[in-house]
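Below is one structure, written out as structure tokens, with a few remarks after it.
The values are calculated or read from the model by the stated rules, or taken from the named source; none is laboratory data. Note that the coordinates shown come from a computational prediction; the quantities given were computed from them, not determined experimentally. A quick note on method: Cβ atoms are made from the backbone with ideal geometry, for glycine too, and the neighbour counts reach across all protein chains shown.
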């Protein structure tokens, strides 16, 4: 039985017992998350420690096909449902899986098989999709669904959140990997532990920014404000913390590219800012919009030209004083706004 779209999402979140389940596609990390979701609900979170889960690889089974048959029929020491997990299944194991599916009896272990991308001619895929009792789900590198986002928010313990903040999280989920999104949610939850107010867009912005140096935001603000006298000390401070001239250049260059993208689309600025990755919220979003208007297209193009030349210099094979080069370039750019 082939499940797609909302049916596939619902099954992974709230699975019903099935003799065998095939998860195929990419990326592997997303396949494993779906496997974990299914397994926790079918056999429980403690199944592995209670030895009710048997894990086998495709390579092991090819050497001894009896391993998986014995595992599905075995009687566990602990009470409760059991599961056999097979990683990297291939078409060559289709006949074995067919026997297990057709001979499944109540009390046998559930069989979950994962595989890489399988085309429509795949024997393994056809077996599961044509079965009336087995389940086949294709996994693709698509953004999280609204249902998956809501579940991730609920699982981390977040309850009180503003409407705007919820929209911000939905936007963020579309631009990052699932594990990165969960890490941000964990930061937000910890950040608000002693705060009873609802989670806001500003809270989200602060938590996303925890992963980068605070001084980098300060550096960008000083450049955009034309505060040239404080740039060199701040760049030196960043350098002592391990921020290389090249990494500083990459961050500043991306920021000014974002400013330029917003400046050239004044009539469609909301749609333009929604395409920025990672998304920006709260004060950082307001600052970005303000700076794009203040700098204007022509000045931003001059700044980007200087940054491009700076990038070529930093990538040069010749020995150059990189810190001095980035200092000089950023000071020149900062002086543009003060003229």
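Within the group 161, 204, 220, 252, which residue is buried (at least 18 other Cβ atoms within 10 Å of the Cβ), closer than 26 Å to residue 293 by Cα and out of contact with any helix residue (DSSP H, G or I) (no Cβ under 6 Å at 6 or more places or on another chain)? If you could, list the steps in order and put the result at the bottom.
Numbers: 161 fails: closer than 26 Å to residue 293 by Cα; 204 fails: out of contact with any helix residue (DSSP H, G or I) (no Cβ under 6 Å at 6 or more places or on another chain); 220 fails: out of contact with any helix residue (DSSP H, G or I) (no Cβ under 6 Å at 6 or more places or on another chain).
Result of the check over 161, 204, 220, 252: 252.
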* To do: May I ask you to say which residue of 302, 298 is modelled with pLDDT of 90 or more, exposed (fewer than 12 other Cβ atoms within 10 Å of the Cβ) and within 23 Å of residue 267 (Cα to Cα)?
  => 298
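How many residues, within region 80-121, are in contact (Cβ under 8 Å) with a residue 40 or more places away in the chain and under 29 Å from residue 141 (Cα atoms)?
Summing the residues that are in contact (Cβ under 8 Å) with a residue 40 or more places away in the chain and under 29 Å from residue 141 (Cα atoms) in region 80-121 gives 14.
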* Filter region 139-157 down to residues that are touching a strand residue (DSSP E or B) at 6+ places or on another chain (Cβ under 7 Å) and surrounded by fewer than 19 Cβ atoms within 10 Å (Cβ to Cβ), then give me how many there are. => 1
* Structure fact -> Of the candidates 237, 222, 293, the one satisfying the condition of being outside the structural domain of residue 166 (by TED's automatic domain parsing) and either under 28 Å from the mean Cα position of the chain (by Cα) or under 14 Å from residue 333 (Cα atoms) (or both) is 222
* Structure fact -> From the option list 172, 144, single residue qualifying as part of a helix (DSSP H, G or I) and in contact (Cβ under 8 Å) with a residue 24 or more places away in the chain is 172
* Pick out the one residue from 39, 57, 29 that is under 17 Å from residue 135 (Cβ atoms) and either in the same structural domain as residue 113 (by TED's automatic domain parsing) or touching a helix residue (DSSP H, G or I) at 6+ places or on another chain (Cβ under 8 Å) (or both). => 39
* Asked: Out of (1) assigned to a helix (DSSP H, G or I); (2) under 21 Å from residue 15 (Cα atoms), what's the single condition that is false for residue 95?
  -> (2)
* Only one of (1) within 26 Å of the chain's Cα centre (by Cα); (2) over 24 Å from residue 151 (Cβ atoms); (3) not assigned by TED's automatic domain parsing to the domain that holds residue 316 fails for residue 194. Which number is that? -> (1)
* **Subset tally (residues that are at pLDDT below 90 and either under 14 Å from residue 224 (Cα atoms) or loosely packed, with under 15 Cβ neighbours inside 10 Å (or both)) for region 314-339** => 11
* If you go through region 41-73, how many residues are touching a strand residue (DSSP E or B) at 6+ places or on another chain (Cβ under 9 Å), surrounded by 15 or more Cβ atoms within 10 Å (Cβ to Cβ) and touching a residue at least 24 places away in the same chain (Cβ under 8 Å)? -> 12
* Asked: Looking at region 299-320, which of the residues that are in contact with a helix residue (DSSP H, G or I) (Cβ under 9 Å, 6 or more places away or on another chain) and part of a loop (DSSP other than H, G, I, E, B) is nearest to residue 220 (Cα to Cα)?
  -> 315
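When you look at residue 233, is it out of contact with any strand residue (DSSP E or B) (no Cβ under 7 Å at 6 or more places or on another chain), surrounded by fewer than 18 Cβ atoms within 10 Å (Cβ to Cβ) and outside any helix (DSSP H, G or I), yes or no? Spell out how you get there, then give the answer.
On the way: out of contact with any strand residue (DSSP E or B) (no Cβ under 7 Å at 6 or more places or on another chain): yes; surrounded by fewer than 18 Cβ atoms within 10 Å (Cβ to Cβ): yes; outside any helix (DSSP H, G or I): no.
No; evaluated as a whole, the condition is false for this residue.
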* **Output for region 4-37, where each listed residue is surrounded by fewer than 18 Cβ atoms within 10 Å (Cβ to Cβ), more than 21 Å from the chain's Cα centre (by Cα) and farther than 15 Å from residue 147 by Cα** => 16, 17
* To do: Considering (1) out of contact with any strand residue (DSSP E or B) (no Cβ under 7 Å at 6 or more places or on another chain); (2) over 19 Å from residue 288 (Cα atoms); (3) assigned to a helix (DSSP H, G or I), say which one residue 188 fails and leave the rest.
  => (1)
* Looking at (1) over 28 Å from residue 168 (Cβ atoms); (2) in contact with a helix residue (DSSP H, G or I) (Cβ under 7 Å, 6 or more places away or on another chain); (3) at pLDDT below 85, can you tell me which one residue 241 breaks? -> (2)
